[in-house]
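A.B. asks: Here it is: the structure, laid out below.
The values are calculated or read from the model by the stated rules, or taken from the named source; none is laboratory data. If you're wondering where the values come from, they're calculated on a predicted model, not measured in any experiment. All Cβ positions, even for glycine, are placed from backbone atoms using ideal geometry, and neighbour counts span all protein chains on display. All accessible areas refer to the heavy atoms of the entire protein, side chains included, with ligands and DNA or RNA removed. Shrake-Rupley method; radii C 1.70, N 1.55, O 1.52, S 1.80 Å.
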Amino acid sequence: MADEKRWRGRKAKLEADLAAAQKEYDTASAMNTVTTSGDPNAPEYQAMLAARNAGLTPYRMKLEAVTRELLGLPDECRHSPGCQPGWVR
């Protein structure tokens, strides 16, 4: 019973972490917009877009890391003795 509680707790924590990371990314993305008129192929526009993307990189990396960990949890459970896959679905 303790194992089940631990695995379900890990899944719940990862889901909460994922929601928080998504919210942080959405907030940063909304605050970091590129507004310019003219040609989107212009060097100024491309420079602004590159700066925006660079600013969002840490948020994107955190979001991807938590997503990867959450998606890998069922496989980790499957290879752990005593873990039932239903606990992490």
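A.B. asks: If I filter segment 4-22 for residues that are among the basic types (Lys, Arg), under 27 Å from ALA65 (Cα atoms), touching a residue at least 60 places away in the same chain (Cβ under 8 Å) and open to solvent by 80 Å² or more (accessible area, probe 1.4 Å), do I get at least one hit?
C.D. replies: Yes, there is a match, as at least one residue in segment 4-22 is among the basic types (Lys, Arg), under 27 Å from ALA65 (Cα atoms), touching a residue at least 60 places away in the same chain (Cβ under 8 Å) and open to solvent by 80 Å² or more (accessible area, probe 1.4 Å).
A.B. asks: Out of the residues in segment 44-57 meeting the condition of being more than 13 Å from ASN32 (Cα to Cα) and not hydroxyl-bearing (Ser, Thr, Tyr), tell me which one is surrounded by the most Cβ atoms within 10 Å (Cβ to Cβ).
C.D. replies: GLN46
A.B. asks: On to the next question. Answer yes or no: is there a residue in segment 33-54 that is under 24 Å from the mean Cα position of the chain (by Cα) and under 26 Å from MET1 (Cβ atoms).
C.D. replies: Looking for residues that are under 24 Å from the mean Cα position of the chain (by Cα) and under 26 Å from MET1 (Cβ atoms), one finds none in segment 33-54, hence no.
Matching residues to (1) in contact with a helix residue (DSSP H, G or I) (Cβ under 8 Å, 6 or more places away or on another chain); (2) among the aromatic types (Phe, Trp, Tyr):
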position	(1), (2)
ALA2	no, no
TRP7	yes, yes
ASP17	yes, no
LYS23	no, no
ALA30	no, no
GLU44	no, no
GLY55	yes, no
ARG68	no, no
LEU71	no, no
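A.B. asks: Of all residues in segment 68-84, how many are surrounded by fewer than 13 Cβ atoms within 10 Å (Cβ to Cβ) and among the acidic types (Asp, Glu)?
C.D. replies: Residues meeting the conditions: 1.
A.B. asks: Would you tally the residues in segment 23-43 being among the acidic types (Asp, Glu) and surrounded by 14 or more Cβ atoms within 10 Å (Cβ to Cβ)?
C.D. replies: 1
A.B. asks: Could I ask something else about it? Please work out if ALA65 is at pLDDT below 85 and open to solvent by less than 60 Å² (accessible area, probe 1.4 Å).
C.D. replies: no
A.B. asks: Another question, if that's okay. In segment 25-66, which residues are free of Cβ contacts under 8 Å to residues at least 40 places away in the same chain and charged (D, E, K, R)?
C.D. replies: Result: ASP26, ASP39, GLU44, ARG52, ARG60, GLU64.
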